Amino acid sequence: MLDIESLHNEAASYHLLRPTGELDAYTVAQFREALAEHATSGRLVVDLCGVPFIDSAGLGALIGGIRRVRENEGRVVVYCNGTTLLRLLHTTGFDRIVPVEETLDAAVGALDRDPDA
């Protein structure tokens, strides 16, 4: 089972998408739909701290969602503090296509950094 919370931070002007539970072939449609709803958010933080497991389907949905946000001139940052998931994101090279931060403050700060710097 996957729960997905969506929050908007007016002060810092970003949306937070927080899935909780395993992100796999069984739950990926729900996650993909949530990402699509945020494709025009402009500034999106995807909080994966509550995701203990992600398979290739989940990773593919995340990459697709990032692509849609960027097509709409938006910025995306992933926030994750779990050792296993961080290792997966680094090993797969995911962190080379989108910033992956270990704290929410760092993730919000990364939204403001110049991607070409």
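The values are calculated or read from the model by the stated rules, or taken from the named source; none is laboratory data. Bear in mind the structure is a predicted one, so any value in this text is a computation, not a measurement. When we count neighbours, we look across all protein chains shown, and the Cβ atoms used for this are built from the backbone with ideal geometry, even at glycine.
Results, tabulated for the structure shown:
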| quantity | calculated |
| --- | --- |
| Selection count, segment 2-44, where residues are at positive phi and either touching a Phe, Trp or Tyr at 6+ places or on another chain (Cβ under 6 Å) or modelled with pLDDT under 95 (or both) | 2 |
| Among the residues listed as ARG75, ARG18, the single one being out of contact with any Pro (no Cβ under 6 Å at 6 or more places or on another chain), under 20 Å from ARG113 (Cα atoms) and of a type in the set (Lys, Arg) | ARG75 |
| Only listed residue being touching a residue at least 60 places away in the same chain (Cβ under 8 Å) and hydrophobic (A, V, I, L, M, F, W, C), chosen from ALA12, ALA36 | ALA12 |
| Boolean, ALA106 is over 23 Å from HIS8 (Cβ atoms), at pLDDT 95 or above and not hydroxyl-bearing (Ser, Thr, Tyr) | no |
